[in-house]
Structures are given as C-alpha cells and as structure tokens.
Number of protein chains: 2
Amino acid sequence: MAKTIQKHVKRDAVSTQEKIKAAAHKVFLSKGYAAATTRDVAEEAGINLALVNYYFRSKKNLFEMVMQEKIQFLLGTIFPIISDASSSLDQKIEGIANAYIDFLTKNPDLPTFILNELRKNDFDFISKTGIDQVLKKSPFIQQLKGESRNINPVHFLISLLAMTIFPFVARPILMKTGLVDESSFQKLMNERRTLIPAWIKAMRSMTYKPIAV
Amino acid sequence: MAKTIQKHVKRDAVSTQEKIKAAAHKVFLSKGYAAATTRDVAEEAGINLALVNYYFRSKKNLFEMVMQEKIQFLLGTIFPIISDASSSLDQKIEGIANAYIDFLTKNPDLPTFILNELRKNDFDFISKTGIDQVLKKSPFIQQLKGESRNINPVHFLISLLAMTIFPFVARPILMKTGLVDESSFQKLMNERRTLIPAWIKAMRSMTYKPIAV
DNA sequence: CTCCGTATTAATCAATTGATTTAAACATTT
DNA sequence: AAATGTTTAAATCAATTGATTAATACGGAG
C-alpha cells in the first residue's frame, strides 16, 4: 500500500478528481482557457458539473493546476539532459534535439498552447518551480558559455530551441501552404534529429565579428 | 477623388466602420478570439454596441476579416523579397531576416496570435489568398531548390523562419527564465540580423549524408 | 422645408457560463 | 442499524454575451 491513503475510497479505479484533471488537460489544450467551459470538462470526464467546483475551487484554479503540470511536463523532458555533468556539450545538444522531437511528435499542440496562454495571462510558473536558477546554473548553460567566442551563448540556445520547436508550432501553416504534408513533415523532423546538432556545431565553429549597436 | 464613393459621408475623419475594425484588431490581438467580446470592441472603438453587428454581421465575421488582414500584413512583409527575380539567394535570406526582425520588433504579439488562432479554428486563408501557389513558384523557393544538395530545401526555409520568428514567440519564457531582459533581447535580435544569414550560409555549405528512414 | 434612406442609440432577448445550493446517495465508524 | 462525514446529482442564480429590435437623430435630394 504505497499509495496515498484516502479516507473514503470508492470502487472506481480512477478517482473523480483524477478524471476531472485528465479531462481538463484535454479540453484546455484543445480549446484554450477562454474557449473551454467547465461543462466541457464535466462532459469529457463523464461526471456532474458541480463536481468540478467541488474538487477544484474554480475554473481558474483548475487551469493553473493544468498549466503547472504541462510546463513541468515540457521542461522535464530536457531537465535530465541539461543537468548531466558528465556529458559533453555536443552530446547535450544532440540529446535535446532528439528528446524534443520525440516529445513534440507525441504532443504537437503543447508548445503553441503554452506560449499563447503565457502571453495572455501572465502566469508566474517561475516562482513556483524555480526553473530560472536551475537553468542558469545548469552544466549545459555553463558549457555553452565556456565554449562561446565573441557571440552571446544565448544565441545558440535560442537557435537550438527554435529549429527544434518552431516546426511543430508552424506546422498548421506549413501544411496549409502545401510546403509539406503529413508524411513529409515526419520525415523532415526525423532528419532534423541529426541535422540540427550538426548545424549548431557549424554555427558555433563559425568565425564572427560582432557589429556595432 | 480617387477614394471610394460613399453615399452618405459624415464629417468624421475616420468612419465608424474603420473605427470598429481598428478596435477589433487591437482587442482580438491582445485577448484572442474566445476571450474578446463585442462589447470590448465597441468600448475600444468608442461606439455603440449595436454598431458592431450593424457594420459586420457577426463577431465571427469581424474576426475573420481581422485575421485575413493580419495574415496578409505578416506575409506582405516578405512578399517583395521572395518574389524578386533579380536578387541572389543570399540577398533574399538577409532581406527576410532583416525585414522580419524589423516587423516583429514592432508587432511582437502577432506570430503567436496567428499561430494559435490558426491551430484552433481552421481558418482557410489559403484558398482566399492563393499564397500557396505564389510561395511555391517564387524565385526564393526555386533558388533554394537549385542550390540545395542532398538536403530538402524546406529544411532551410524552416530554420530561417524559426531562428527569426521563434525568439519573439518565446520571448515571454526567455524573459521569465531570466535568460534575457528587455534591453539584452533587443541587442540579441539586432545581432541576429547578420548572424542568421551567416548561419544559414554555413548550414547550406555543410556536407551532409542523409540518414536512413 | 419635407421626405427618405442611412447611422446611431437604448433597451431587451435568449443562450451560455461559472458558481452555488439543497438534497440525496454512499461509505465508514461506532 | 444509527450516526457521521464524504461524494454525487439536479436545480437554480446571477452575470455575461452575441445578437436583435424599435425608436430616434442625421444628412442629402427634391
């Protein structure tokens, strides 16, 4: 009995609370906070409307819980990689590209959802998770700083994430403009597993004189 | 009298219709379709609520008009560059990076807005504008195809747009994680005007053997 | 000035939505 | 089984929202 002890456990395999949370994840992700209704969540969970406010005080509360989990889900993917002190920078870059392409193939809508909701409501997930400190002090950022010449290492971090994540964010446009279809997109993303690390390496080794600002 | 003839013109410098449209642009951009209300638009425009439905049949109608204009606004920025038959590929790449960094500095919220709204409602802006044909037959894509080796040229298009646009999309996160602040972000973006073209050049000249899929 | 189509306003509707209430069903303890 | 606390359900509230209506103000044509 390693599980959390609950005073009153129903026969149901999954608790109502878990049902609601799972439904909320699905509904909020597909519709966004504003368009999603508590009735949508209740229906998706197959439970009574009142239970949403019974278990979670409000829609906003439920949403913030979902957001918290989604962000940790997204960042948790690369956390082991960037905090590994033994691996080289090149290994990390390859690991990040691979891990994110895997992750985004399974969760293609997540980045757009997070970026957009973060833009509207200013949700302070930083203070709650302490990601900022973990990231800045991570071996990854330190290695990037150490190896960089006269270029701000953040440039490479941005470009790495951009080349990895952006295609998934822009997929609707890429598809509708006819530049790619379902299968060619997948093929391209698999090619990028090795292309992106190689590109970043070429970029880093490139000589560059900074311009005047 | 080159302007469109209107039967009944009020003294107002800007017509009510234009006021509503301008207000709709502002409100929809900042709140998104679902969270924006027709009352928001009316208040922002300083007019009576009923006029929104008087001039534009419905909220959806007004929104689609706004979206249409926003997308054309975004694509219009690079259209002259990609369709210029006289300039070289390198010149085009530099032109696109520069034009978009200028544009996004002035309109930082636009890409996230468009990408998100496009993900939810499937708005068919392609059939209305014919962007797909223009893009695919453009000198830019043709030049990219011609110069590419064994790598799909779409890779470079994606990476170019990614490295240019993604920083603006991810700005809220970059700021909140403390990786950049307001001034350093601007400095980075200005540096990318020359960095990105140079990077793309390095990427294109890089030798690469495609992996098995 | 009078007439007539256009523009604007205030009031209102019906539907939706987040949230609450009240009561019933259920499980646990004694 | 009675008592007690927890979970679920149905009904309802008050507020919001997209849209309409009916009446009024306005401006040009005759």
Length-normalised contact order for chain B - Cα pairs under 8 Å, 6+ apart - percent: 21
Calculate the mean, over all residues of peptide B:178-186, of how many other protein chain Cβ atoms lie within 10 angstrom of the residue's Cβ. 2
Normalised Cα Rg of segment B:15-97, dividing by 2.2 N^0.38 Å with N its residue count, works out at 1.46
The value for segment A:148-198 (convex hull of the alpha-carbon atoms, volume per residue, Å³) is 80
Taking every pair of Cα atoms in the protein assembly as shown, average 1/r, invert it to obtain the Kirkwood radius, and report Rg/Rh to two decimals. 1.00
Under 17 Å Cα to Cα from A:LYS136, which aspartates and glutamates show up? Leave out anything in the same chain fewer than 8 places away. A:ASP84, A:GLU147, B:ASP181
Take A:GLN72 and A:LYS145, extend 7 Å from each Cα along the Cα→Cβ direction, and tell me the distance between the two endpoints in nm. 2.8
Just from its helices, what would the mean residue ellipticity at 222 nm be for chain B, if runs of 4 or more DSSP H residues each count -39500 (n - 2.57) and the sum is divided by every residue, rounded to the nearest 500 deg cm²/dmol? -22000 deg cm²/dmol
So what's Rg/Rh here for segment B:106-213, counting alpha carbon atoms and using the Kirkwood radius for Rh? 1.02
Stokes-Einstein D (µm²/s) once Rh is taken as the Kirkwood radius of chain A over alpha-carbon pairs, at 4 °C in 1.567 mPa s: 65
For labels at B:ASN53 and A:PHE79 in the simple 7 Å Cα→Cβ model, what's the distance in nm? 5.0
Relative contact order for segment A:21-146: what is it in percent, counting Cα pairs under 8 Å that are at least 6 residues apart? 27
For segment A:19-95, calculate the relative contact order in percent as a whole number, restricting contacts to Cα pairs under 8 Å that are 6 or more residues apart. 25
From other protein chains only, count the Cβ atoms within 10 Å of every residue's Cβ in A:147-155, then give the mean. 3
How much length is gained if the chain between A:LYS136 and A:GLU18 is pulled fully straight, taking 0.36 nm per residue apart and subtracting their Cα-Cα distance, in nm to one decimal? 39.1 nm
Give the nm distances, rounded to one decimal, from A:ASN121 to the matching residue in every other copy, measuring between label points 7 Å along Cα toward the beta carbon; shortest first. 2.2
Segment A:76-113 and segment B:130-149: distance between their alpha carbon centers, rounded to Å: 32
Segment A:36-139: trypsin sites (Lys or Arg not before Pro) in DSSP coil with no more than 13 other Cβ atoms inside 10 Å: A:ARG57, A:LYS137
Taking the label point 7 Å from Cα along the Cα-Cβ vector, the copy-to-copy distances for A:GLY146, listed from shortest in nm with one decimal, are 4.6
What are the nm distances, shortest first, from A:THR194 to its equivalents in the other copies, labels at 7 Å along Cα→Cβ? 3.5
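All of the numbers you see were taken from the coordinates with simple rules; none came from a lab. As the structure is a prediction and not an experimental result, all values here were calculated from the model. Neighbour counts are summed over all protein chains in view; Cβ atoms, including those assigned to glycine, are modelled from backbone coordinates with ideal geometry.
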